[in-house]
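The values are calculated or read from the model by the stated rules, or taken from the named source; none is laboratory data. It should be emphasised that the depicted structure is a prediction, and the values quoted were computed from it without experimental measurement. Please note: Cβ atoms are built from the backbone with ideal geometry, for glycine as well, and neighbour counts cover all protein chains shown. Quick note on the areas: whole protein, heavy atoms, side chains included, nothing else; ligands and nucleic acids left out. Shrake-Rupley method; radii C 1.70, N 1.55, O 1.52, S 1.80 Å.
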Amino acid sequence: MLGGFLLILPIMCCIMTGWGLKRVGILNDEGGSQMGRVVFYVAAPCLVFRITLSVSARDLGDVNFVLALYGGYLGMIFCAWLSERFRRGDARRKAASVMMAIRSNNMFMGMPAVVMLWGEGALEYYGRFMALSVAGFEIFSAVSGLIVLHGGLKGDSLRRVFRSLSRNPVVLSIALGTLWNVGVGLPLPRWLDLSLKILGDLGTGLALITLGMKLKPGELRRDLLQVWPDMIVRLIVSPLILVLGFRFFPSQPEMVKTCILVMAMPVAMNSFPMAEAMGMDGDYTARAVMVSTMLSVLTLPLVIRFLL
């Protein structure tokens, strides 16, 4: 337990640095929003593009991994839907709960956690995980939430989902990296590769500081009383479902560990704007993001201890 806590301590120190910088007035909400856009539109795509270039066709053909991962997605969505059957609330909030079930913070916290736990060499496995998961991650979460919200899918809803995917810079960077691998098949020019590396390296620190700026520890107790069922699904049930899935569909150990760690992360930051854009309960989603991030200090050491 202590070893796991010490491994995520650097992550939490960076997050609390962001909280402290905002509290003393060095940074404000506008600055945090701008840094978040730099991470989302520049640093993360550069990093993911370079990682995707190292992924081969053989890596993408791991059927067992795909079955365990996507079966896990369905299991998480079902658990969130089941918990909502016993709770009061309107369709907007229920849709947000189902949408959040699989949306782990795979970029802002998952990527730093993988690096800090296993070193930069583990980014190879993180890249494979992202290449295999990100499109389904976005589609499954959006479609499941829309089904709960509308009682089914409408043409306009589906168009919004695919329009969002077509504009997602991480999805585009994976597509471009795959096209380069298939169509060109040559290493990047050194100057371009180095430029992308420098920009990609900006992401980890900025992402964690931006996350810390959004924390509101004083509101934790009130928000926890509202969102606790979703916290159980996101932080506890989700990694357990994947552990069970990989028992039936064994895969490469490094990929399994990376997947379980990343999917044990708190609710993704971009779930809030996604919920608002699709007519779900954005305020409830924002509270879930904050509460799950703070509670992950307790749950992630347990996950890390299991993985080690």
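Which whole-angstrom value gives the distance between the alpha carbon centres of the stretch 213-250 and the stretch 90-141?
13
Net charge within 14 Å of SER166 by Cβ-Cβ distance, Lys/Arg positive one each and Asp/Glu negative one each, not counting SER166 itself?
Around SER166, the surrounding residues sum to +3.
Give me Rg/Rg_expected for the stretch 254-308, where Rg uses Cα atoms only and Rg_expected = 2.2 N^0.38 Å with N residues. Don't skip to the answer; put the middle values down first.
Details: Rg = 13.5 Å, N = 55, 2.2 N^0.38 = 10.1 Å.
Scaled against compact globular proteins, the figure is 1.34.
Step through the residues of the stretch 70-75 one at a time and calculate ³J(HN,Hα) from phi using the Karplus curve (6.51 cos²θ - 1.76 cosθ + 1.60, θ = phi - 60°), rounding each to whole Hz and writing x for Gly and Pro.
Working through the residues one at a time gives 6, x, x, 3, 5, x Hz.
Near LYS197, which lysines are there with a Cα under 29 Å away, not counting those fewer than 8 places off in the same chain?
LYS22, LYS214, LYS257
List the extent of the Cα atoms of the stretch 1-148 along each of their three principal axes, largest first, rounded to whole Å.
45, 43, 36
Work out Dmax and Rg for the stretch 219-273 from the C-alpha atoms and quote the Rg first, both in angstrom.
13.9, 42
What does the stretch 164-281 give for Rg and for Dmax, in Å, if only its C-alpha atoms count?
18.8, 54
In the stretch 35-129, what trypsin sites (Lys or Arg not before Pro) fall in a loop by DSSP, with at most 13 other Cβ atoms inside 10 Å?
Values: sites: ARG37, ARG50, ARG58, ARG85, ARG87, ARG88, ARG92, ARG93, LYS94, ARG103, ARG128; in loops: ARG58, ARG85, ARG87, ARG88, ARG103.
Qualifying residues, ordered by number: ARG58, ARG85, ARG87, ARG88.
Quick one: putting +1 on the C-beta of Lys and Arg, -1 on the C-beta of Asp and Glu, what dipole do you get for the chain around its Cα centre, in Debye to the nearest 20?
Dipole about the Cα centre, nearest 20: 500 debye.
I'd like the FRET efficiency for THR17 and GLU219, computed as 1/(1 + (r/R0)^6) with the beta carbon distance as r and R0 of 25 Å, rounded to 0.05.
Calculated value: 0.80.
Would you please give the residues with an amide H less than 5 Å from that of SER104, counting only those at least 5 places away or on a separate chain, with H modeled from the backbone geometry?
Amide H neighbours of SER104: ALA268.
Of the residues LEU215, LEU261, LEU188, which exhibits the maximal mean-square fluctuation in a Gaussian network model of the chain defined by a 10 Å Cα contact cut-off?
Most flexible of the set in this elastic network: LEU188.
Based on the Cα gyration tensor of the stretch 105-227, what are the three equivalent ellipsoid semi-axes, each the root of five times an eigenvalue, rounded to whole Å and given largest first?
30, 25, 12
Give a residue-ordered list of calculated ³J(HN,Hα) values for the stretch 86-91 (Karplus: 6.51 cos²θ - 1.76 cosθ + 1.60, θ = phi - 60°; whole Hz; x for Gly, Pro).
Karplus values, whole Hz, x for Gly and Pro: 10, 10, 7, x, 7, 5.
Considering the chain as a Gaussian network with a 10 Å cut-off on Cα pairs, which listed residue, MET107, MET290, MET116, attains the greatest mean-square fluctuation?
Comparing MET107, MET290, MET116 in the GNM, the peak value goes to MET116.
Which shape class, rounded, prolate or oblate, goes with the stretch 98-137 when its Cα gyration tensor gives a ≥ b ≥ c as root eigenvalues, a/c under 1.5 marks rounded, and past that a/b bigger than b/c marks prolate?
Oblate is the answer for the stretch 98-137, as a/c is 1.5 or above yet b/c matches or exceeds a/b.
Name the shape class, rounded, prolate or oblate, that the alpha-carbon gyration tensor gives for the chain, where a ≥ b ≥ c are the square roots of its eigenvalues, rounded holds for a/c under 1.5, and otherwise prolate holds if a/b is larger than b/c and oblate otherwise. Mind showing how you got there, number by number?
Values: a/c = 1.32, a/b = 1.16, b/c = 1.14.
Verdict is rounded for the chain.
Keeping every protein chain present and rolling a 1.4 Å probe, give me the accessible area per residue for the chain in Å².
Per-residue value: 47 Å².
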